Amino acid sequence: MKRLFIILMLITCVLITGCTTTQPTGKGILQFSSTPQGAQIYLDNQYEGTTPSTLSGVSAGAHTIEFRDSGYKSAFNNLTVTSATATYYVSAALIPLTSQTLQPTIVPVETTAQVQETTTGPLPTITIQQSQTIMTIGSLQTFSGTCTGSGSVILVLYGPGTYINGVEIAQVPVSASNSWSYTWNPGTSVLSGSYSIVAYSSQKITSATAAFSIVGGGQVTIIATPPSTYAGRSVTFSGLCTTGATSVSLTLYPPHQNAEFVATLPLNANNGWSYQYQFAVSRPSGTYTMVATDAQNTATSSVVVTLNNGS
């Protein structure tokens, strides 16, 4: 009977030991990076510095990571630390707040935390550039750059409309010279506005970002107040520009004379513009046409002003 009791005690100890060894143990190492750099890092709502940085001694278990930066949406990631022999790489590509994103919203990080043993080689490096900082609807955009440590580059596009939450538009192979290039042809279905293109390594460990804008697909309007005046007096020209451009230009067409450039006008926060033009006293009477064109020449509009004799 005594022998049976001892055997049962040994079995109980073994079972207890087996249960305890299944729990996460050790403290992990977290390596943070972001695009752009300098984002604030919050681990379980506690500030841990800015990117890029490395944090050691992270306790085993589940953690929530938040990246914050002024002018960008916050990005979140969930991570479980299970081993003290691994480095956990956490990367985020922050999305700029645009006119289409009036309030900051929480978006998931496009990458998940990549776990690599501390004995692995250096992280991949990526650069990216765009062929046009301002492109018009219907034109092409070429993205290119360099990449080391990865056989391909994943391109994710953020912007208004379809691209608000990010769309993977291509996976581009990297050449033997560590370069890559991709030509994007969106057609005429895209919306005007601000865009960001993010290039990830094939395992989404590192990334790089470029920003550009698309204009077109809207209209320019112009009115004249008053529509009839006399030499020496002023007329106020005003209107709207909804093409996504940041400015409009004014050109005056006098009767029987060559066109005259008048001014380039920035748009206000509501896409409006206004300009007061004074007709010189030497101007002959007749019909004058003022033409407003957006900066990329995607839309134009005109208005006629009658200049009368006398005062």
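Taken together, the values in this text are just the output of simple stated rules run on the coordinates, not laboratory data. All figures in this text were calculated on a predicted structure; none of them were measured in a lab. Positions of Cβ are backbone-derived with ideal geometry, glycine not excepted, and every protein chain shown enters the neighbour counts.
Per-structure values
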{"quantity": "Cα centroid of the range 141-208 to Cα centroid of the range 217-289, whole Å", "calculated": "40 Å"}
{"quantity": "Distance between modelled label sites at T125 and S189, nm, 7 Å Cα→Cβ extension", "calculated": "3.9 nm"}
{"quantity": "Label zone at T236 (point 7 Å along Cα-to-Cβ), backbone N below 14 Å, the range 269-311", "calculated": "273-278"}
{"quantity": "Label point distance in nm, S302-S181, each placed 7 Å from Cα along Cα→Cβ", "calculated": "4.1 nm"}
{"quantity": "Length released on extending from S228 to N309, taking residue separation times 0.36 nm less the Cα-Cα span", "calculated": "28.1 nm"}
{"quantity": "Hz values of 3J(HN,Hα) by residue in the range 159-164 - Karplus curve (6.51, -1.76, 1.60), Gly and Pro given as x", "calculated": "x, x, x, 4, 9, 4"}
{"quantity": "Two-decimal Rg to Rh for the range 124-166 - Kirkwood Rh, Cα set", "calculated": "1.03"}
{"quantity": "J(HN,Hα) series, the range 288-304, from Karplus relation 6.51 cos²θ - 1.76 cosθ + 1.60, nearest Hz, glycine and proline x", "calculated": "10, 10, 9, 10, 10, 9, 6, 4, 9, 6, 8, 8, 8, 7, 9, 9, 9"}
{"quantity": "Two-site label geometry, A62 and A280: point separation in nm, points 7 Å out along Cα→Cβ", "calculated": "7.6 nm"}
